[in-house]
Amino acid sequence: MKKEPVTSAKFYALNSIDFTQTMFFVQSVQIGIALFSLPRLVSEEAGHSGWIAILIAGSITQLSVLILFVLARRFQDQDVYGIINRLFGRWVGNLLGFCFALYCILIAADVSRSYIEVVQQWLFPVSSKALFFLLLLMPITYCALGGARVLGRFAVLTFFATAWMVLFLIVPLQEIHTDYYQPVFEFEWSGLMRATYKVSASMVGFELMLAIYPFIQNKKKALLATSIGIWSTTLLYLVVVLIAVGFYSQDQIKNIVSPTLTLFKIITLPLAERIEHFGISTWSFLIVSTAATYLWAAGRFVTQLKRWNPAFSTLIFVPLLFLLGVYPRDMQMLTKFEEIGAMIGCVVSLFFPLFLLLVAILFRKRAERRQQEEDSKGVEAS
């Protein structure tokens, strides 16, 4: 039996994802390890008014998504690599596509290694980083090999596997001090902008809609599904930061590495004392979902370029993912690695779709002018 081409409409239909999967896909890719330290990050820059930065970042993300969908609807059944090739031609398009694939591997390595660091700090401080990374790489690779449909279904599973953790916030919610929020709008604009940047770096992932867009069943409702996913993430970030800011004083929160995890330490259950350990373990669903999606998106580059089997195309990037993940040897290198990943992630997610859209509009106007010139020459000749 002859296989369908990996860029055909039938191939996309056979591996499609529905409205619910699209919504949870966006949410699971966005929520990563940064949520553990987000209350501290925004408080360091904007104080107790750092929650405002979350609303600003959510609005900026929504605007970027609107631009992304305007671009995607211009090319319909083309993913990000197909769009780049159409705009820039074969050679430049392949070079830009390769850069985007490397970006995906960088983010996957960043997310995975940051999670392993948290696991070592809280659970297994003397274990090997390389061994942990290999163990984490197994489910990541397995999910990525499944393609878009498996990633969509795993995103739904991830939501229901982790959503219950929000209930643990009820305990610290009962002990917040409302005076910690006063005065409400006391901040410096420069600090608020830095806090917005850090929140925006924690919300990257939606740019992968350019990779999965051809696989969405109902493209007319794809924007709605994506928007719901984005604002669900924004709401979660807002709730966590508000509770943390109300629970800790500003002096305390700025000296706690992972305020979100520390909130779980005050919770005690009859059969479990270290609730934060359950939280860290359960968070692996989100890490696997995020890293697997980025790995799959990188593999799509080789699939488009060589028309190779999608699974083989994905496996090509696994060794690179491992090498990048184990490269940071200490906390200082890891911090620098995370800062580079955050900066590149913000640039790619917020500005790359806009850049492609502007190029598409420019080329279209050029084509229309050329067509008008040719038509006018034809009329004069007649």
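Annotations for the structure displayed:
- Taking every C-alpha pair closer than 8 Å and separated by at least 6 residues, the mean separation divided by the residue count of the chain gives a relative contact order of 38 percent.
- Extension reserve of the residue 19-residue 73 stretch, reckoned as 0.36 nm per residue once the Cα distance is removed: 17.8 nm
- The long axis of helix 189-201 is offset from the longest Cα principal axis of the chain by roughly 70 degrees.
- Summed side-chain charge close to residue 313 - residues other than residue 313 whose Cβ falls under 12 Å, Lys, Arg +1, Asp, Glu -1: +3
- Here the simple spin-label model places points 7 Å from the Cα toward Cβ, and for residue 95 and residue 252 these points are separated by 5.5 nm.
- Rounded to 0.05, the FRET efficiency of the residue 161 and residue 364 pair, given R0 = 51 Å and the Cβ-Cβ distance, is 0.70.
- Gaussian network model of the chain, springs between alpha carbon atoms under 10 Å - residue of 175, 117, 207 with greatest fluctuation: 175
- Rounded to 10°, Cα long-axis angle of helix 129-145 versus longest principal axis of the chain: 40 degrees
- Centre-to-centre separation between the Cα atoms of the range 28-67 and those of the range 105-140: 24 Å.
- Sequence-distant residues sharing a close amide H with residue 216 (under 5 Å, placed H): 17
- Net charge, residue 220 excluded, C-beta distance under 14 Å - Lys, Arg +1, Asp, Glu -1: +2
- Taking the three principal axes of the alpha carbon atoms in the range 108-260, the coordinate ranges are 50, 48, 32 Å, sorted in descending order.
- Between 323, 223, 66, the GNM of the chain built on Cα springs shorter than 10 angstrom shows 323 fluctuating the most.
- Highest to lowest packing among 302-309, 102-109, scored as the average C-beta count within 10 Å: 102-109, 302-309
- Entries in 129/336; 129/306; 254/336; 198/336 that, when Cα-Cα distance is taken, lie over 23 Å: 129/306
- FRET efficiency, residue 308 to residue 274 (Cβ-Cβ, R0 51 Å, nearest 0.05): 0.65
- Evaluating 6.51 cos²θ - 1.76 cosθ + 1.60 at θ = phi - 60° for every residue in the range 336-341, the Karplus couplings come out as 5, 4, 5, 5, 5, x Hz, glycine and proline recorded as x.
- For semi-axes √(5λ) of the Cα gyration tensor in Å, calculated from these coordinates, the label among (i) 39, 25, 18; (ii) 71, 20, 14; (iii) 30, 25, 21: (i)
- Taking other residues whose beta carbon is less than 14 angstrom from the beta carbon of residue 156, and scoring Lys, Arg as +1 and Asp, Glu as -1, yields +1.
- About its Cα centre, the range 9-375 has a charge dipole of approximately 1460 debye under the convention of +1 per Lys or Arg Cβ and -1 per Asp or Glu Cβ, with nothing else charged.
- If you run the Gaussian network model on the chain, springs between alpha carbon atoms under 10 Å, then out of 284, 128, 49 the most flexible one is 128.
Every read-out reported here was derived from the displayed coordinates using simple, explicitly stated rules and does not represent laboratory data. Nothing here was measured: the structure is a model prediction, and the numbers come from that model. Methodologically, a virtual Cβ is constructed for each residue, glycine included, from the backbone with ideal geometry; neighbour enumeration extends over all protein chains shown.
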